1. Taking the stretch 76-102, which residues are within 26 Å of R38 (Cα to Cα), open to solvent by 60 Å² or more (accessible area, probe 1.4 Å) and modelled with pLDDT of 65 or more?
2. Scan the stretch 258-272 and give yes if some residue there is open to solvent by 10 Å² or more (accessible area, probe 1.4 Å) and closer than 21 Å to K205 by Cα, otherwise no.
3. Could you tell me whether any residue of the stretch 285-295 is open to solvent by 30 Å² or more (accessible area, probe 1.4 Å), modelled with pLDDT under 90, at negative phi and charged (D, E, K, R)?
4. Give the stretch 202-240 a look and list any residue that's β-branched (V, I, T) and closer than 20 Å to Q317 by Cβ, or say none.
5. For the stretch 163-170, does any single residue satisfy the condition of being touching a helix residue (DSSP H, G or I) at 6+ places or on another chain (Cβ under 7 Å), closer than 27 Å to G315 by Cα and either modelled with pLDDT under 65 or open to solvent by less than 80 Å² (accessible area, probe 1.4 Å) (or both)?
6. Scanning the stretch 192-209 for residues that are in contact with a helix residue (DSSP H, G or I) (Cβ under 8 Å, 6 or more places away or on another chain) and either under 13 Å from W306 (Cα atoms) or part of a helix (DSSP H, G or I) (or both), which turns out least open to solvent (accessible area, probe 1.4 Å)?
7. Please find, within the stretch 233-248, the residue that is farthest from S204 (Cα to Cα) out of those that are open to solvent by 10 Å² or more (accessible area, probe 1.4 Å) and not in a loop (DSSP other than H, G, I, E, B).
8. Give the number of residues within the stretch 207-233 that are over 17 Å from D171 (Cβ atoms), touching a Leu at 6+ places or on another chain (Cβ under 8 Å) and not acidic (D, E).
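The values are calculated or read from the model by the stated rules, or taken from the named source; none is laboratory data. As the structure is a computational prediction, the values presented were derived from the model and not from experiment. FYI the Cβ positions are ideal-geometry reconstructions off the backbone, even for glycines, and counts take in every protein chain you see. In case anyone asks, the SASA skips ligands and DNA or RNA and just uses the protein heavy atoms, side chains included. Shrake-Rupley method; radii C 1.70, N 1.55, O 1.52, S 1.80 Å.
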Amino acid sequence: MIQPGLLKPLINLRTLNLGSNQLKTFDPTEIMYLEHFRSIFLIGNTFECDCQLRKLRNWLIENHIKKKYYLDYKDYRANPEFDQTMLKLVCTSPRKLSGVSIAKFKLHWIECDNHKDIVISLSTLCVTAIIMAIGRIVAKKRWSIYYWWMVNINRFLPKLLRIATVSRSDDLKFDGFLSHSMEDLQFVYLDFIPEIEKSKHFASKFCIEFRDFTIGGYIQQNNIDAIYGSRWVVFLLTESFVKERWTEFVISMAANRCVEESNNIILVLDIDHIPESRMPESLRTIISNVVYMKYPRDDKARSTFWKKVRLTLNGKQRKFLQPANMYRSNR
């Protein structure tokens, strides 16, 4: 074979003798762009008439019509034996084409995939599109996937390793963990802390992000430590909370703990009366199985509301029944 690009630097090449070199194929584009080239000699090679020889075949037929190049390297003048010289270039393989002139063999005599490049391009595009689609789904459902993974790992791994589950009741640092948006700090300061932490009839200690999180610690680890270190996890469901970046993660981790302990530890306080259709996906999945309270718009009813919240936090947690759609989106 002639290495691709080997002849390109030979800009003054006029005559090329490749006779009797046992060439299997030859790409005529190697010489077509040489300005001074005039003559080539190819007789005596063992050409293999397959799909790769199509370029040489087509070039020979075109050259026969235009007579741009001579096939006899001895003379640059018009060659009266041009046709006879061209016919001497014959196939040596495959066996059924042995001795057949390269210029005369038909393309349909061999099986060539003329659409190979198109098929490869389309396949590449399809694979790329599938990878991008999977990437978008994973990005969109990352918390659901993470939640599913964590739930199954925590459910089956202890059984596989025969590890006994240990109650965390003795290791709890807080009575509850309040998860909220930073835009709702006014409600936390003026309503939640006075009614829950500083109530005369109910003394409790809550983990609140701006006050109790480890400074400089990873937000994921802070949230996990707070969830697993508290008896209750309370969500302040507001418009800003729905838009928070870590909302799905925190709800999923809290639900994960519910599954682990078969015990409901979630209390949702719906401050802005968010419709279920607009709740975070992870919360919609378990909303019917957690304690859910709507914050009253009437000032007179709020005293009763906070009493119910304190009774819930001080009462016995009910059993968490895993919803049938826990691993499936409601959309």
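1. Passing the criteria: only K88.
2. Yes, there is a match, as at least one residue in the stretch 258-272 is open to solvent by 10 Å² or more (accessible area, probe 1.4 Å) and closer than 21 Å to K205 by Cα.
3. Within the stretch 285-295, none of the residues are open to solvent by 30 Å² or more (accessible area, probe 1.4 Å), modelled with pLDDT under 90, at negative phi and charged (D, E, K, R).
4. Just the residues of the stretch 202-240 that are β-branched (V, I, T), to begin with: 208, 214-215, 219, 224, 227, 233-234, 238.
Matches in the stretch 202-240: I224, I227, V233, V234.
5. Filtering the stretch 163-170 for residues touching a helix residue (DSSP H, G or I) at 6+ places or on another chain (Cβ under 7 Å) gives 165, 168.
So of that shortlist, the ones also closer than 27 Å to G315 by Cα come out as 165, 168.
Subset that is either modelled with pLDDT under 65 or open to solvent by less than 80 Å² (accessible area, probe 1.4 Å) (or both): 165, 168.
Within the stretch 163-170, one or more residues are touching a helix residue (DSSP H, G or I) at 6+ places or on another chain (Cβ under 7 Å), closer than 27 Å to G315 by Cα and either modelled with pLDDT under 65 or open to solvent by less than 80 Å² (accessible area, probe 1.4 Å) (or both).
6. That would be I196.
7. Let us first name the residues in the stretch 233-248 that are open to solvent by 10 Å² or more (accessible area, probe 1.4 Å), namely 239-240, 242-246, 248.
Now restrict to residues that are not in a loop (DSSP other than H, G, I, E, B): 239-240, 242-243, 248.
Working: E239: 27, S240: 26, V242: 26, K243: 29, E248: 26 Å.
Going through the qualifying residues, I end up with K243.
8. Summing the residues that are over 17 Å from D171 (Cβ atoms), touching a Leu at 6+ places or on another chain (Cβ under 8 Å) and not acidic (D, E) in the stretch 207-233 gives 2.
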